[in-house]
Amino acid sequence: MAVEIELPDLTQSEEAPPPTKPARAGSLSIRQTILAVLIVTVMAAAMGALFAVPPPTPEHPKTEAVAGAAPPPTDLFEMPPIVTNLGAPKDTWIRLEASIVFDAKSVAHPESLADEIAADELAYLRTVSLSQIEGPIGLQNIREDLNERAAIRSQGKVSELIIRTLVVQ
């Protein structure tokens with residue numbers, strides 16, 4: 001007993017799709033490329049303008065003219081460096097370099113005034129302990145103390161003592 005099975009012919013199809021061009025993945029037309037470059041350029045220019053640092057402007061202090069009340073002229077004088085050991089611990093040394101701001105009209109010899117203030121600051125620094133000048137609060141306190149001593153020693157002629165360097169070793 002033999003059974004015959006008829007198989008359909010698969011080589012012929014009823015409707016064949018029309019032949020198409022193979023699509024290339026990632027291909028852009030020239031128009032699309034120019035448009036993309038233009039958009040990226042505009043975005044970069046906008047971000048650059050947004051985050052641009054403005055050019056530095058010269059600072060001119062604005063002073064309001066008050067009749068008959070002109071601020072006194074001030075001058076800056078560098079004091080000689082002060083090197084000494086601290087009060088505690090005795091083997092700790094301190095070096096202070098400072099400048100004084102003073103009224104130029106009322107001080108005839110700033111060198112002698114700076115020497116007097118330096119001698120007073122030296123005597124003060126010999127009494128200071130290391131724990132008194134540690135940290136930002138300690139630095140602020142010593143700065144205020146040095147300013148106050150300079151003002152007292154100069155009888156108000158020194159308006160500020162500026163600490164340039166303070167080294168503790």
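Mind listing whichever residues of region 84-110 are among the acidic types (Asp, Glu) and at pLDDT below 90?
Result: Asp103, single match.
Looking only at region 125-169, which residues are surrounded by fewer than 16 Cβ atoms within 10 Å (Cβ to Cβ) and of a type in the set (Ser, Thr, Tyr)?
Hits for region 125-169 are Thr127, Ser129, Ser131, Ser159, Thr165.
Just checking, which of Ala46, Ala36 is surrounded by 10 or more Cβ atoms within 10 Å (Cβ to Cβ), part of a helix (DSSP H, G or I), at pLDDT below 90 and among the aliphatic types (A, V, I, L, M)?
Ala46
Could you list, in sequence order, the residues of region 110-169 that are in a strand (DSSP E or B), closer than 17 Å to Trp93 by Cβ and within 31 Å of the chain's Cα centre (by Cα)?
Ile163, Thr165, Leu166, Val167, Val168
Scan region 72-83 and give yes if some residue there is outside any loop (DSSP other than H, G, I, E, B), of a type in the set (S, T, N, Q) and at pLDDT 90 or above, otherwise no.
Looking through region 72-83, none of the residues is outside any loop (DSSP other than H, G, I, E, B), of a type in the set (S, T, N, Q) and at pLDDT 90 or above.
The values are calculated or read from the model by the stated rules, or taken from the named source; none is laboratory data. The model shown is predicted, which means the values in this text are computed figures rather than measured ones. Because the Cβ atoms are built from the backbone with ideal geometry, glycine has one as well, and the counts that use them run over all protein chains shown.
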